[in-house]
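Presented below is the structure to which this report refers.
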Amino acid sequence: MKGDITLSTIIENLLMIGFALLILYLLYFSKMFFTTSLEQESNERYSILLANGLISHEKLVYEKNGRIFRGILDAKKLDALFYKTETGLRNESEFREKILNPTFKEGKLSRKELDIGYNQLTIYIYIIDLNDCNENKCVIWAGVLLPIETLDDWVKDNPVYKFFKCMYESFDNNWARPTATCAGLAATGAIIGGLIGGPVGALIGAVVGCAAGFLGNMYSAAEWENCIKEAGRDVKDMYVSKILSFKQGLPVNIIYEDGSIHVGRIIVGIVREKP
Amino acid sequence: MKAQLFKKWFLSLFFIALITALILYNFLPYFFESVSLFLSLSAAEVVADQLATLITASSVAPFYIEITYAPSKEIKYDVSAKNRRLEVKPYYNSPVTRDITKYAFYGVNLPDFSFEKVNIFSITKIVENSKSIYSISASSSD
């Protein structure tokens with residue numbers, strides 16, 4: 001009977017649904033890409049990893065008969081490597097301000113002396129002796145590892161490079177506008193050049209006019225302004241890891257020459273420019 | 001007669017749509033979960049981060065450590081490191097993923113290296129004469 005649900009009706013409907021899904025796939029899925037994005041506190045992870053590495057590092061830890069004692073720092077080695085202060089810890093923020101100051105030269109560590117650390121990041125290392133640490137006296141060792149600037153970094157930080165990079169990225173491949181101005185100014189330049197210097201003058205006038213017209217109209221005033229600003233932009237925004245407090249950090253022991261062992265903490269802070 | 005025909009067509013379409021929806025309802029979450037899990041575990045950003053972390057973490061061992069890391073059986077990676085900056089480029093061979101290079105930093109004195117189309121990594125640290133020496137090797141699961 002006409003209108004009955006037959007197998008062919010079902011197959012036809014299935015084909016229709018399949019066709020609709022195919023169109024959907026072509027329209028959306030073929031244009032859709034899966035990408036992953038990782039959100040994390042990189043600085044914190046870097047700090048914790050580095051602090052863990054430092055408490056096993058041969059330049060810091062106590063050694064006896066060729067045996068490395070992880071987590072036990074040798075005060076003699078720390079004295080040789082770090083800036084040491086014994087002033088009282090009245091105000092933690094005051095101390096941090098001093099250490100975090102870029103002009104803090106006493107604590108600058110050489111990468112040759114301490115071969116652990118991220119080359120691209122500024123790293124602050126504090127080791128604090130918590131025994132008898134009070135307002136009058138507190139032993140703290142501090143050091144700063146500055147980023148190693150490579151030739152690539154120098155080039156990328158150069159204002160000339162930044163300007164031309166910005167101009168290159170700003171160009172929208174619209175050749176019509178500068179070409180039209182080139183032609184217009186070339187004609188004007190040729191007439192003026194021709195009046196002054198004959199055919200040679202006309203040629204020079206045309207070339208100069210075309211170049212001025214082309215370059216002048218290749219970018220908008222806003223693009224020029226943006227790239228001049230970009231060239232002079234200095235990166236001031238910094239990410240500072242949160243683990244920069246004496247209440248945090250990894251617990252360590254500090255062994256002195258007389259054999260006494262004190263309780264302490266190692267704090268590693270990472271500072272890096274915002275990309 | 002026309003109304004009856006419309007009713008039958010409507011019913012047939014309705015039931016087919018219902019069955020399709022039920023199948024998709026069960027299948028799609030599983031499909032997307034599998035895809036997202038696969039992509040998150042094998043993503044270049046994840047591999048770069050994990051590998052850089054493991055390289056730095058190898059410094060924790062006081063004497064000797066060997067770490068093997070195999071992020072994916074299916075995906076191969078180009079991995080290179082220069083000046084303690086690690087770059088990873090995956091080869092998905094898929095139309096819905098992009099082979100974007102990602103980077104991460106590591107913090108130990110491992111010499112610069114470069115590997116092509118690999119997916120098994122082995123990081124070693126040894127201490128000789130009170131000096132830590134790091135090395136890395138890589139191979140393909142094929």
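Which GluC sites (Glu not before Pro) from the stretch B:1-97 combine a DSSP loop assignment with at most 13 other Cβ atoms within 10 Å? Let's see the in-between values first.
Values: sites: B:GLU33, B:GLU45, B:GLU66, B:GLU74, B:GLU87; in loops: B:GLU74.
For GluC sites (Glu not before Pro) across the stretch B:1-97 that sit outside H, G, I, E and B with at most 13 neighbouring Cβ atoms in 10 Å, the list reads B:GLU74.
Taking all Cα-Cα distances within the stretch B:12-87, those exceeding 16 Å account for 66%.
How much length, in nm to one decimal, is gained on full extension between A:THR6 and A:GLU223, taken as 0.36 nm per residue of separation minus their Cα-Cα distance?
Length gained, A:THR6 through A:GLU223: 71.4 nm.
The mean sequence separation of alpha-carbon pairs under 8 Å and at least six residues apart, normalised by the residue count of chain B, gives a relative contact order of 23 percent.
Computing FRET efficiency as 1/(1 + (r/R0)^6) for A:ARG70 and B:VAL35, where r is the C-beta to C-beta distance and R0 is 51 Å, gives about 0.75.
Any read-out appearing in this document is the output of simple, stated calculations on the displayed coordinates, not a laboratory observation. This structure is a prediction, so every number in the text was calculated from the model and none was measured. All Cβ positions, glycine included, derive from the backbone under ideal geometry; neighbour counts span all protein chains shown.
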